[in-house]
């Protein structure tokens, strides 16, 4: 990852070398989820922490508000493509930009926006591998305050098949051409966790590849050769389509990023995920492994 390879990740070394590039657009996308019981969590913006300390030159993009569908009662739902394009253009992203995203202490917020952009045909975007925590641990420069880029115009077009809804997921149950993968912790998947999204367990027929299993101790992604067996065990490469889900379509994008790096051609995110599914008693769920 010493070069921009178009496969979703760039290293801290790469970013340190390219911080001054005119086409670079760097953003902190952090959101904090504070656990609560019965659950699932309280949502807190990362903007205050960004103001206190961020990578030099980084702007802030707020997934809670300007980059979510205001009409949905499910948090963080993908907004209309034109709304997303207008918000990102106002934040300085243009058609020729190279976009790097980071978040802490988990990359899931950065991978969420990475997927949103790719779902609209914008592929010149990468996630900082290891994020802010790795950058800090390496003793690299930080700054405080607020940064912004000049507003510009951005046009986006939806890429078919990048998102799944509950009807797609329901139809995938028992369909041998679709692999449905749950990215949540094993305890949440099995239904033994204390908190839940309404009903405990997972979507019937889905398999578990926890997002935390994708990372090394420093918060960077494990090598592709170590990650492929996790998805192979779930049958991802034997199925023509993979649908990834989690609690609200966030950590699932970490699985989607890895599958993209591993070359799977047809990946979708179930945007409503458990936040929507578990609250509808007509939709089938299971517990256990």
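The values are calculated or read from the model by the stated rules, or taken from the named source; none is laboratory data. Just so it is clear, the model here is predicted, and its values are computed rather than measured. A quick note on method: Cβ atoms are made from the backbone with ideal geometry, for glycine too, and the neighbour counts reach across all protein chains shown.
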For segment 120-139 the number of residues that are in a loop (DSSP other than H, G, I, E, B) and crowded, with 16+ Cβ neighbours inside 10 Å is 5
Filter segment 197-214 for residues that are surrounded by fewer than 18 Cβ atoms within 10 Å (Cβ to Cβ) and under 21 Å from the mean Cα position of the chain (by Cα); the one that is nearest to residue 176 (Cα to Cα) is 207
Test for residue 149: is it farther than 27 Å from residue 14 by Cα and in a loop (DSSP other than H, G, I, E, B):
no
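Got a sec? Which helices (runs of 4 or more DSSP H) wholly within segment 1-106 have at least 1 residues that are closer than 30 Å to residue 265 by Cβ and touching a strand residue (DSSP E or B) at 6+ places or on another chain (Cβ under 7 Å)? Reasoning before the result, please.
Numbers: elements: 12-18, 47-52, 81-90.
So the answer is 12-18.
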Among (1) modelled with pLDDT under 95; (2) within 22 Å of residue 177 (Cβ to Cβ) - the single one residue 234 does not satisfy
(1)
Residues of segment 265-284 that turn out to be out of contact with any strand residue (DSSP E or B) (no Cβ under 6 Å at 6 or more places or on another chain) and surrounded by fewer than 19 Cβ atoms within 10 Å (Cβ to Cβ), as a count
7
Looking at (1) under 18 Å from the mean Cα position of the chain (by Cα); (2) touching a residue at least 24 places away in the same chain (Cβ under 8 Å); (3) surrounded by fewer than 18 Cβ atoms within 10 Å (Cβ to Cβ), which is the only condition residue 29 fails?
(3)
